[in-house]
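The values are calculated or read from the model by the stated rules, or taken from the named source; none is laboratory data. As the structure is a computational prediction, the values presented were derived from the model and not from experiment. When we count neighbours, we look across all protein chains shown, and the Cβ atoms used for this are built from the backbone with ideal geometry, even at glycine.
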Amino acid sequence: MFMQQNVLVIENSHTSLEIVSKLVRKAGLNPIGARSLMEARARFSQMMPESCLCAIVAYNLPDAPHGEAADATIAAYIPTIVVTDSVHPPTREHILTKDVVDYIPKENAQNYDYLSRLLARLEKNKSTGVIVVSTHRKSRKNMLSMLHKHNFVVFDCPTASDAMQHLANNKHIRLVITDYAIPDMTGTEFVSTLRKAFAKEQLAIMGIAGGENTLLSALFIKSGANDFIHRPYSHEEFLCRVMQNVEYIESVEAIRRAANSDYLTGLPNRRHFFYTVTVQQSSLPDSHALALIDLDHFKSINDTYGHDAGDEVLKVVASVIEEQFPDEVIARFGGEEFCIYFPETHIDDVIKLLNTFRETLADTIIRFNGETLSVTCSVGVSTLNTQNIEAMLSNADKALYEVKRQGRNQVLKACTE
């Protein structure tokens, strides 16, 4: 069951409380406001503890002038972000002695932008992996602690080989942080090895080293690292660099998804379909099939109920295709036409799967603006024994044309193979 994620906001300034609450809502979270520590305790007592993603706490409150409110939320096991009017070093140092996620000075609007990004990250990070490779025990433990506080899925790796194993088994890893001195190879050799398997747009790598060697940063970057940080580093620098590198990978992924996806249904588009089948699967298997699906009388839905109704039908059809064919290569080819590629699948199984889909779709009720709609489909299938996907598409199209001639709502294998 979905549980609303709350953020406890403790701020005695009405203006600051409104600003922070607005940022919380912008992040898709629910702010629970309090103007004092006493009020915050009362509010928290009425909440389910697990519903609280984090607390944003003013360092100075009338009944908690020296960070006592942060102590209270930390003691309640709530991840805590401290907001402060002061940027004086003693205040910063006092805040960072506490087990806080981060602290945000109020000195300018950009710091509130950072807070907004941080709120979004705390939820995203629960499914974002980060590898730390270092033999420097104190530094490694410090990095792991900060990453855990930001909800990252963290992998503590003493060697490059351990890191490579985790990368092979976990597709959600977005960042590798590696020291220069590691047991089985140098950090720059490790980076170079990683770059043979992962492009900069797929995996961010951050080098780290201490000592007097100022050339290490250049060596890391030349070997393929996205970034470098010199030890000793500040709490803020480390977290900002981590966030920037992870956001870079996510931004590239978002652009790639947009380029490869159909804008309406979210399914892969025709271009991505051909890339997946002909490039990623460089050698097509001997036993394979391709199906073209066309919705029956779709134009009449648009003419009768409007194009918004037609769009809703296409979205529902796409969701049924995704559900019925989780392991196949699927795409919307345009209009009311969809395509499915079946690698390593016998034709009898293909026909059975497609007929199950066809029947499921016919029984699916689609509701739009009080109207109840339904749709059927015609399917042409090709099993042409060829490495040419274009020839298979042509064959499937011929079978689809014959299905329509015979009356629609059927699955038909091309007879010219």
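Points worth noting:
- Candidates Ser374, Ser382, Ser319, filtered to the one that is within 30 Å of the chain's Cα centre (by Cα) and of a type in the set (Ser, Thr, Tyr): Ser319
- Within the range 145-154, at least one residue is in a strand (DSSP E or B) and either aliphatic (A, V, I, L, M) or surrounded by 16 or more Cβ atoms within 10 Å (Cβ to Cβ) (or both).
- Qualifying residue in the range 80-89 (condition: modelled with pLDDT under 90 and of a type in the set (D, E, K, R)): yes
- Condition check for Ala40: without any contact (Cβ under 8 Å) to a residue 60 or more places away in the chain and assigned to a strand (DSSP E or B): no
- All positions within the range 204-226 that are assigned to a strand (DSSP E or B) and free of Cβ contacts under 8 Å to residues at least 60 places away in the same chain: Ala204, Ile205, Met206, Gly207, Ala209
- Counted as qualifying within the range 351-417 are the strands (runs of 3 or more DSSP E) with 1 or more residues that are farther than 15 Å from Ala291 by Cα, namely 366-368, 371-373.
- Where a residue in the range 105-122 is in a helix (DSSP H, G or I) and at pLDDT 85 or above and its partner, wherever it lies, is among the basic types (Lys, Arg) and surrounded by fewer than 18 Cβ atoms within 10 Å (Cβ to Cβ), with Cβ under 9 Å and at least six apart: Ser116/Lys26; Leu119/Lys26; Ala120/Lys26
- Residue match in the range 271-284 (condition: at pLDDT 90 or above and touching an Asp or Glu at 6+ places or on another chain (Cβ under 8 Å)): no
- Of all residues in the range 347-364 being modelled with pLDDT of 95 or more and acidic (Asp, Glu), the one that is farthest from Met392 (Cα to Cα): Asp363
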